[in-house]
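*Asks:* For reference, the structure I am asking about is given below.
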Amino acid sequence: MLPPNARTRWLNGTCDSSVDMELFLHYSLIPSLFIILVLSFLQRREQRRERDDVYLLRNRFGMVIPLDFVGTFSNRWSYGIAFGATANKVMFLFSEGYQPLLFPQWAQAFVLLIGGIEVGLSHFPFFACLSSEFGLVSSILGFSYSLIWFVVTILYIIQCPHGQFVGSYETVMFYWPSLLCLAFLLGRFLHIFAKSLRVHLGWELQTEEKPFLEAHQAEHVRQLLRTRPRQERNKSWFQTRIYEWDPYFQFPSRMIGTIVLAFICLYLFIVIEFCVFVYVRDALDVFEGELESYITSMNQTGTPALLQVKELINISKEVWVVTILPASLTCVSYLFHILACYRKHIKRLWAGDKHFLPLKFHNPSSSESVVAIARYSGWQIAYILWGYLIIHVMQSLCGLAITYSLVLPVIHHQALEMLRGLGIGMYGLPPASSCNQRWGQMTSRSPWLSTTGFSAWIGMLYVDHYHTNPVLVSFCHILITGHRQRRLQQTIKYWCLNQSAGPRISARSRTRWLLLQTLINNPELVRLRKSRPGLGSQELTQVLLTCSES
């Protein structure tokens, strides 16, 4: 009889679900394209062109921009949660699992590119509906589309909740982050709908459009212009050692989305790694059973070599499971460290300090910096996942070394020999300054600062520095505000002249009066004026000629 866990995995291996998530991803392009067309129809193009099709379309079907990766500070967490809803499909692409048909090796890159475009289009409505200015329509479309994804995912989990590796509730372990993100988006779209409906019914005033200068940027500049320095308050241990909150600084939506997506992808990667571990563990259990049967067939307790192999297998499995937690905590702390480094580096660039950068990165090209914006998020997530795997392997090796050098000698009553060997080892180690020299030689040969990942990080910092520098944005805001005020004053002046109090005067009489005033002020134009047949035209010309001669 199979054990419960194995029986659950065996039953789920024969589970036939009526919901195919890959097939649903293909069919989701139909409502996605419909939503994009509706939002594009509502969006008007800013520039008009003298073309017949523009006149027929009445300047409709503008470009739908889902997210500004540079200067967006509003709805940051909503965009981040929307990125989190795509985590399962992103991991699907990372694992190169998008291969619907058999293609030759040279075409695999194009297949993955098509898969990335399909995944992007299928999740495009989440971002487009969040950023659209037509809140009433976009909230209905976004809520409906999120509800479709939520219901289909729930049906898929209910029909086949278990898996072939972990066993019980394996599917739930994979899909609960996406369900949580979709539930958040449903609530967010309901909030947008309620707010837009109140504005449409006149119960609430329409909020102004996205400001050019954000509130935290203005406060940052105000703090720089203060004559008296702000008094430093006592900082807690957390603020001194770990992180201090800055009320005049906000992370852009791109950083929030990258961190949220990295968190969920890291969790999914750990689950996938544990599934692989379960598969390897079962294979090792089979091998261990065959080894025990071999030992039994020899009618002895076993040779020392076979017993040591069995002991190594058991210790390796235990150490691998134990080191999952410290490796995970290390990568999670590194994600928070990324945010802290981003704020520290961007503030140094705002202050004009580039000493923390190598000389070759002091003046990067604009094209490389713009490309870095597109590369950074994907590369950061890839580095986090590979970093977790490397850290986990290294910690497991360290765990094995500690177990064999400290734990097992005590268990086998060989503590004295262990201490004697440890002393000899410590005596034979080279001095620390020899170690430092070798480490310096290694880092000088392959410095991490020259990696492409670091180049993407620096390019991303420069783009954010140029586009979100509070001093520069405040200066541009002053110029734009002053220009708008001058145009407004001119408009009011002309409007007052046209709408002055008094009897209404026809446009023809006003034109004749302006003509008379022009001819009186410029007598030489009277002789050059062509006389037109009309009542009083010749008399007016004679009077003007007489006045000019006198």
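*Asks:* Scan the stretch 335-358 for residues that are more than 26 Å from Val471 (Cα to Cα) and buried (at least 16 other Cβ atoms within 10 Å of the Cβ) and report the count.
*Replies:* Residues flagged as more than 26 Å from Val471 (Cα to Cα) and buried (at least 16 other Cβ atoms within 10 Å of the Cβ) within the stretch 335-358 amount to 1.
*Asks:* Tell me which residues, restricted to the stretch 194-219, are closer than 26 Å to Gly84 by Cβ and open to solvent by less than 70 Å² (accessible area, probe 1.4 Å).
*Replies:* Of everything in the stretch 194-219, those that are closer than 26 Å to Gly84 by Cβ and open to solvent by less than 70 Å² (accessible area, probe 1.4 Å) turn out to be Ala194, Ser196, Glu214, His216.
*Asks:* Also: Which residue out of Arg60, Arg49 is at pLDDT below 80, exposed (fewer than 14 other Cβ atoms within 10 Å of the Cβ), farther than 19 Å from Ser144 by Cα and touching a helix residue (DSSP H, G or I) at 6+ places or on another chain (Cβ under 9 Å)?
*Replies:* Among Arg60, Arg49, only Arg60 is at pLDDT below 80, exposed (fewer than 14 other Cβ atoms within 10 Å of the Cβ), farther than 19 Å from Ser144 by Cα and touching a helix residue (DSSP H, G or I) at 6+ places or on another chain (Cβ under 9 Å).
*Asks:* Pick out, from the stretch 234-344, the helices (runs of 4 or more DSSP H) lying fully within it that include 3 or more residues that are at pLDDT 90 or above.
*Replies:* 253-297, 304-322
*Asks:* Now for a different question. May I ask you to list the residues in the stretch 265-281 that are among the hydrophobic types (A, V, I, L, M, F, W, C) and under 19 Å from the mean Cα position of the chain (by Cα)?
*Replies:* The answer is Cys265, Leu266, Leu268, Phe269.
*Asks:* A further question follows. Just one of (1) farther than 30 Å from Tyr169 by Cα; (2) touching a helix residue (DSSP H, G or I) at 6+ places or on another chain (Cβ under 6 Å) trips up Ala327, so point out which.
*Replies:* (1) is the only condition that Ala327 fails.
*Asks:* Sticking with this structure for a sec: Out of the residues in the stretch 359-397 that are closer than 30 Å to Leu312 by Cβ and among the polar types (S, T, N, Q), state the one that is most open to solvent (accessible area, probe 1.4 Å).
*Replies:* Out of the qualifying residues, it is Gln395.
*Asks:* Which residues, counting only those in the stretch 192-211, are modelled with pLDDT of 80 or more and touching a helix residue (DSSP H, G or I) at 6+ places or on another chain (Cβ under 8 Å)?
*Replies:* Scanning the stretch 192-211 gives Ile192, Phe193, Lys195, Ser196, Leu197, Val199, His200.
*Asks:* Now, a different point. Collect the residues in the stretch 129-175 that are open to solvent by 50 Å² or more (accessible area, probe 1.4 Å), under 17 Å from Arg188 (Cα atoms) and part of a loop (DSSP other than H, G, I, E, B), keeping them in residue-number order.
*Replies:* Glu133, Phe134
*Asks:* Is there a residue being at pLDDT 75 or above and open to solvent by less than 70 Å² (accessible area, probe 1.4 Å) anywhere in the stretch 435-451?
*Replies:* Taking every residue of the stretch 435-451 in turn, none turns out to be at pLDDT 75 or above and open to solvent by less than 70 Å² (accessible area, probe 1.4 Å).
The values are calculated or read from the model by the stated rules, or taken from the named source; none is laboratory data. In this text, all values refer to a predicted model and were calculated from it rather than measured experimentally. Please note: Cβ atoms are built from the backbone with ideal geometry, for glycine as well, and neighbour counts cover all protein chains shown. Areas reflect the complete protein model, heavy atoms only, side chains present, ligands, DNA and RNA absent. Shrake-Rupley method; radii C 1.70, N 1.55, O 1.52, S 1.80 Å.
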